[in-house]
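Take a look at the structure set out below.
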Amino acid sequence: MSIQVDNRQIEAHEGETILSALRRNGVEVPTLCHMDGMAPTGACRLCVVEVEGFGGLVPSCSYPVAEGMKIKSRSPRVLDARRTVVQLLLSNHPDDCLYCSRAAKCELQELASELGISERLYSGEKSTRTKDVSSPSLVRDPDKCILCGRCVRVCEEIQSVSAIDFMNRGSKSFVGTVFDCGLNVSSCINCGQCVVVCPTGALSERFEIDDVLAAIADPDKFVVVQHAPAISVTLAEEFDMKPGTDVNGKMVAALRRVGFDRVFDTSFSADLTIMEEGSELVQRLTSGGVLPMFTSCSPGWIKFVETFYPEFMPNLSTCKSPQQMMGALIKTFYAERQGISPENIVSVSIMPCTAKKFEARRGEMGRGQLQDLDYVLTTRELGALLRRCGVNIEKMESDTADTPLGERTTAGKIFGASGGVMEAAARTAHFLVTGRELDKLEIKPLRGLEGIKQASLDIDGTQVNIAVVSGLGNARALLEEVRSGRQDLHFVEVMTCPGGCIAGGGQPLNADLDAVRARMKALYKIDRDGPVKTSHSNVAVKKLYDEFLGKPLGHKSHELLHTSYEGREVIK
Amino acid sequence: MTTETVNVEEIIARHRGAGRDTLIPILQEVQEAEGYLSRTSVAKIGEVLGLPASKVYSVATFYNQFRFQPLGRFHIQICRGTACHVKGSAAVLETLCRELEIEPGETTRDRLFSLEVVVCIGVCGLAPVISVGGNVHARMTPGKVTQILDIYRGKAAEDA
């Protein structure tokens, strides 16, 4: 159908909203509450347009197009209304943009600038709620909240966690937890998807940049860093490069430049995870263990099971996540080998994830008083750290990670996308059982951004039924199926964030679906072009077993690489 | 206390599997029985209705009628209806809050007083009015607040 916008004819599709038609045709319409792929709420009223024959302004995000519609998207009346909305939002906003972690990335700040707001027109009563710094992963500053509701919706509709909701009414409204308690004692699973959708500085990760810089500056400390599989294909966006640009070599060089003593690759311990988890799967399958087995790489998912579905804890693989396996190895194996006391090692990880900060602080993740991992930085924090240190990543000469904990295969690398763990595990499980490689290493049905993917794998005549789930709403649906009797599944990969780590809660902001797709493609390109594609062919991993660990699921593995889970009593 | 708890559990259990539209009636029933909505009750109500506790709390905090702290020994209701407002109930409320160091909906730390704002007790001729433990005090002024509170403090001391 055809509609008229600002005296220009454009094509619109039956059933779509005015907003979607306008945006497709290059008409930018601001919104603060709209989220692609989710039902509109019409809460912020910024997307209003004039429609001929309508008395009032129409919210374009929730109004469907109709044949012959005549729309004005930038009339003085429209621009005035939008400006008033932003001015009212600013009326009780703390004017501390200079000190805000979202400065220059804040949608509210950007809108104020776009709409030409140069002074405070209304001065409202300022909200003075306490900042919630109770969580090891996330910080909430309700004073900067504009009540757009994106965090509430992503928590409820995508993750099915509902740790937060709107509380109170009218001018006293705020977004909070049940009984307004700290996030640390709520049902929050620390995924950080709320941070990703937040338009302002009301939500952020708990920053650890200063701690890391202090450790680097301390001459007595040996500071080791590991970077997760998904970092090298997303960090580029922090420096305004095209989504999907792989900056692995430059990133390694930049990390050295900043002053890290060793740079390791979490993809190495991802390979190690596959050896352990693959063996665990084979053991469960052959000796009547609890099935389906669920992957345990994603700490948000782990806390989700512990909180909402403790009866499924025996189904979780006992393998620690790659981050924690690496952490355990650095302060035992590597420390021993280098003759450094573990007390003098500061172990840092770069993760696409905010829940990893929580994971690193779990009681199970250390020896005695020492935690295996000291600091966890998100991709965004790494961007900030490099900018603060004046390291221009684009100008770096490509470098390679340190041995042996920096040696990876492409199987470890694809952990960064939903389906990657399963694909890597399938490659190795097939080899472990049959002694032969899969005919085709690429397992296409496991790839892509769909929330639930299923396949059946033939291992020497045995059918292994597998599923790949991302987004905890999808995971909950699957758990409910299993709870009500579904029995065909053997192995399930679950990633907390929709699409996996490439779309994690610690990733660069303002990424649309195309950006996430580009990140995913970059990982699979690395897999396609890489020389070694299976975890069991990782020479450094083999050597680690020969010289230190013994064998998968062996005594040492159990001590260092496996863990246990605990049910959580919270109001949920 | 024990009988009350059982009572609340029974109320909640009776509604197992009901639709989310029964949320507000359940909240009212539970508050009626328990005097307030406890953490346990909020969690339980969510569980039986299949709603997250945050959603239950969200709905409950939207309405003034729900409170989340147990009632004090003397429950104070202050009328903020039109007649009382015109006769100066705002200042009375302000004084009450200052004297008791609580906001409406809260209970003093010694559990002696709890405060609730209501809209019209039906004795507009005596405005502004407050009711303390069921006794109506007429033609209130900020000055009379301490005096009246002291009467009840005295009663409590006598019993102790």
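Would you point out the residue of region B:77-94, among those that are open to solvent by 10 Å² or more (accessible area, probe 1.4 Å) and in contact with a helix residue (DSSP H, G or I) (Cβ under 6 Å, 6 or more places away or on another chain), that is farthest from the other protein chains (Cβ to nearest Cβ)? Among those that are open to solvent by 10 Å² or more (accessible area, probe 1.4 Å) and in contact with a helix residue (DSSP H, G or I) (Cβ under 6 Å, 6 or more places away or on another chain), it is B:Ala83. Taking the listed residues B:Phe62, B:Phe74, the one that is open to solvent by 10 Å² or more (accessible area, probe 1.4 Å), aromatic (Phe, Trp, Tyr) and within 14 Å of chain A (Cβ to nearest Cβ) is B:Phe62, with no other qualifying.
Results for (1) open to solvent by less than 60 Å² (accessible area, probe 1.4 Å); (2) small (Gly, Ala, Ser), shown as yes or no for each residue.
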| residue | (1), (2) |
| --- | --- |
| A:Ala104 | no, yes |
| A:Gln109 | no, no |
| A:Leu121 | no, no |
| A:Thr128 | no, no |
| A:Ser137 | yes, yes |
| A:Lys144 | yes, no |
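Looking at region A:247-255, is at least one residue buried (at least 24 other Cβ atoms within 10 Å of the Cβ), more than 14 Å from every other protein chain (Cβ to nearest Cβ), of a type outside the set (Ser, Thr, Tyr) and under 18 Å from the mean Cα position of the chain (by Cα)? Looking for residues that are buried (at least 24 other Cβ atoms within 10 Å of the Cβ), more than 14 Å from every other protein chain (Cβ to nearest Cβ), of a type outside the set (Ser, Thr, Tyr) and under 18 Å from the mean Cα position of the chain (by Cα), one finds none in region A:247-255, hence no. Can you find a residue in region B:128-141 that is surrounded by fewer than 18 Cβ atoms within 10 Å (Cβ to Cβ), of a type outside the set (Gly, Ala, Ser), more than 11 Å from B:Ile76 (Cβ to Cβ) and in contact with a Cys (Cβ under 9 Å, 6 or more places away or on another chain)? No, that holds for no residue. Quick check on my filter: what residues within region B:111-127 are open to solvent by 20 Å² or more (accessible area, probe 1.4 Å) and closer than 23 Å to B:Tyr36 by Cβ? Scanning region B:111-127 gives B:Arg111, B:Leu112, B:Glu116, B:Val117, B:Val118, B:Val119, B:Cys120, B:Ile121.
Listed by first and then second residue, the pairs with beta-carbon distance under 6 Å, at least 6 apart or on different chains, first residue in region A:174-186 and in contact (Cβ under 8 Å) with a residue 24 or more places away in the chain, second hydroxyl-bearing (Ser, Thr, Tyr) and open to solvent by 10 Å² or more (accessible area, probe 1.4 Å), are A:Val178/B:Tyr57; A:Gly182/A:Ser134; A:Leu183/A:Ser134; A:Asn184/A:Ser134.
There is no residue in region B:95-110 that is in contact with a Pro (Cβ under 7 Å, 6 or more places away or on another chain), modelled with pLDDT of 95 or more and open to solvent by 50 Å² or more (accessible area, probe 1.4 Å).
Within region A:187-208, at least one residue is closer than 30 Å to A:Ile345 by Cα, within 14 Å of chain B (Cβ to nearest Cβ) and surrounded by 24 or more Cβ atoms within 10 Å (Cβ to Cβ). Hey, could you check region A:154-185 for residues that are more than 8 Å from every other protein chain (Cβ to nearest Cβ) and polar (S, T, N, Q) and say which is most open to solvent (accessible area, probe 1.4 Å)? So the residue we want is A:Ser171.
Checking region B:34-50 against the condition returns a match, with at least one residue being outside any helix (DSSP H, G or I), out of contact with any helix residue (DSSP H, G or I) (no Cβ under 6 Å at 6 or more places or on another chain), within 24 Å of B:Gly72 (Cβ to Cβ) and among the hydroxyl-bearing types (Ser, Thr, Tyr). Across region B:15-40, the qualifying residues are those that are more than 16 Å from the chain's Cα centre (by Cα) and of a type in the set (Gly, Ala, Ser), and the one among them that is nearest to the other protein chains (Cβ to nearest Cβ) is B:Gly17.
With respect to the stated conditions, A:Phe304 fails to be open to solvent by 30 Å² or more (accessible area, probe 1.4 Å), aromatic (Phe, Trp, Tyr), touching a residue at least 40 places away in the same chain (Cβ under 8 Å) and more than 30 Å from A:Val433 (Cβ to Cβ).
The values are calculated or read from the model by the stated rules, or taken from the named source; none is laboratory data. Quick caveat, the model's predicted, so the values are computed rather than measured. Reconstructed Cβ throughout: ideal geometry from the backbone, glycine too, with neighbour counts over all protein chains shown. The area values use the complete protein model at the heavy-atom level, side chains included, leaving out ligands, DNA and RNA. Shrake-Rupley method; radii C 1.70, N 1.55, O 1.52, S 1.80 Å.
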